[in-house]
Amino acid sequence: MERTFVMVKPDGVQRGLVGEVISRLERKGLKIVGLKMMWIQEELAMEHYAEHAEKPFFQSLVDYITSGPVVAMVVEGKDAVKVVRTLVGATNPVEASPGTIRGDFGLDIGRNVVHASDSLKSAEREISLFFDAEELIDYSKSGEEWLYE
Ligand code: IDP
């Protein structure tokens, strides 16, 4: 089983899409093992997006992600990193396929509703950046025998 980091960004929270995003993850069969609402401060935003520090959109990205509360979560399942990226869709909502979260709910790359880790390495880094170990819950969910062979 793999764990990945997912976040409903401030635009997703303001537009009332938290339930929609969580629902899509749950319906796929993924298990939520960590979940909280938080308001990201500038320091955490800069660390989270450190790989983009030299990009021209870096400051606007930091401003965006700190502009309101977000919902941060850790989800677990088979190939979770790849599966969630597929559900989320392309970075630019204009190019994201219909049926994906960004394809169904976004129009602008700077307001793309959700974040999801792009690799197992990023997932591990982002989970430890946003969650303490004791905030992640190990449990089994009924029906797992119908989800996995
Ligand atoms: P990802 O979120 O799909 O992994 P990244 O390339 O890691 O995409 O970019 C992180 C975030 O930075 C994107 O989700 C988007 O909000 C923002 N971003 C990326 N490229 C641009 C751009 O060209 N202009 C404005 N914002 C951008």
Exercise. Only one of 73, 38 is of a type outside the set (D, E, K, R) and over 19 Å from residue 3 (Cα atoms); which?
Worked result: 38
Problem set entry | Meets criteria (closer than 22 Å to residue 86 by Cβ and polar (S, T, N, Q)) for residue 117 | yes
Exercise. On the given criteria, is residue 37 among the hydrophobic types (A, V, I, L, M, F, W, C), out of contact with any Phe, Trp or Tyr (no Cβ under 7 Å at 6 or more places or on another chain) and open to solvent by 50 Å² or more (accessible area, probe 1.4 Å)?
Worked result: yes
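Could you tell me how many of the residues in the stretch 1-34 are in contact (Cβ under 8 Å) with a residue 12 or more places away in the chain and either open to solvent by 50 Å² or more (accessible area, probe 1.4 Å) or aromatic (Phe, Trp, Tyr) (or both)?
Going through the stretch 1-34, the residues in contact (Cβ under 8 Å) with a residue 12 or more places away in the chain turn out to be 1-15, 17-18, 20-22, 24-25, 28-34.
Filter again for either open to solvent by 50 Å² or more (accessible area, probe 1.4 Å) or aromatic (Phe, Trp, Tyr) (or both), leaving 1, 3, 5, 14-15, 20, 28.
Qualifying residue count for the region: 7.
For residues that are open to solvent by less than 50 Å² (accessible area, probe 1.4 Å) and within 13 Å of the ligand (Cβ to nearest atom), tally how many sit in the stretch 41-59.
Matching residues across the stretch 41-59 total 6.
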Exercise. If you take the residues of the stretch 49-88 that are of a type outside the set (A, V, I, L, M, F, W, C) and in contact with a Phe, Trp or Tyr (Cβ under 8 Å, 6 or more places away or on another chain), which of them is farthest from residue 13 (Cα to Cα)?
Worked result: 78
Problem set entry | Residue list for the stretch 93-113, filter: touching a Lys or Arg at 6+ places or on another chain (Cβ under 8 Å) and farther than 20 Å from residue 46 by Cβ | 93, 96, 101, 105, 113
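The values are calculated or read from the model by the stated rules, or taken from the named source; none is laboratory data. Note that the structure is predicted; figures quoted are calculated from it, not measured. With ideal geometry, Cβ positions are generated from the backbone for all residues, glycine too; neighbour counts draw on all protein chains shown. For the accessible areas, the whole protein counts, side chains as well, though only heavy atoms, and no ligand, DNA or RNA atoms are used. Shrake-Rupley method; radii C 1.70, N 1.55, O 1.52, S 1.80 Å.
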